[in-house]
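Worksheet for the structure shown next.
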Amino acid sequence: MKSRQLFFYCAATLLACSSCTRYYYKPNAVNAPLFTDGGQAHLNVAGSIGGNSGDDDYEGTRYVFDLQASVSPVKHLGIIANYSTYGYTPDNPDAVNGNVDGKAHLLEFGIGGYYAKGNTFKMVTDCYVGYGAGQIRSDVDMRIKRFFIQPGIGVRSPAFDAVFNLRFVNLNYDNFNAKGRSNDYLLQKDLINNSGRRIDNTSYAFVEPSFTIRTGYKFIKAQLQMVFAQEITSVPWHYNPSRYTVGLYFSLEDAIAEAMKGR
């Protein structure tokens, strides 16, 4: 009981500390299914809401939402799918200085392999590769394309899961629309440099460690996840280095097994 109280206290603290400024990249949630056998399927719904704690003089309300699905059709093979959204509404809009509504979404798919060992507490190692695309609409509009490699290691048990992932991301932008913004504005936001090279003319690389813990009973668990982003290549424009979410994680194979017991 104490461990669950600590879980929800940590979740509330992390969400309260989330920043809410507008930026051009924010790491999405990590899909960490911790498969142990074929025929398993998992679903995760998570997100967070925050407000009035912005930086860079950008105060407002923001939200993030994540929907994740995963399936292991046969042992050692996993397939994952992620949908993530982000939104920001400023308290005091200022179109001239770029303090405007911001919205973004990303849809991605991945495939990988896993190995599980143990009985009640199972140690799981896995690695997934995937690709995704989405759209950013804010002071400027552009499309995002992303390739990722995601190794991980964790422990899965009936009542508690814990997993660490180290995701490597290659990020590109295209379909850039300045929406009438001047070159001076784009220079100020580091969306172009002095030689005229724009944000969509370069690839960017990030390493994104994440920590995920789940606690619950049978087929449903509460999940807390922390994802961090650290640039590997030079990133001059503004990005958010973290994402904190709380959600519910469902093991559909366990739900089916539980339903069958009741018959």
Count - residues of the range 122-175 that are surrounded by fewer than 15 Cβ atoms within 10 Å (Cβ to Cβ), closer than 20 Å to ASP66 by Cβ and of a type in the set (S, T, N, Q): 1
Of all residues in the range 207-222 being surrounded by 16 or more Cβ atoms within 10 Å (Cβ to Cβ) and under 13 Å from the mean Cα position of the chain (by Cα), the one that is nearest to ILE144 (Cα to Cα): GLU208
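Read-outs: derived from the displayed coordinates by stated rules, not from any lab. Being a predicted model, the structure only gives us computed values, none of them experimental. When we count neighbours, we look across all protein chains shown, and the Cβ atoms used for this are built from the backbone with ideal geometry, even at glycine.
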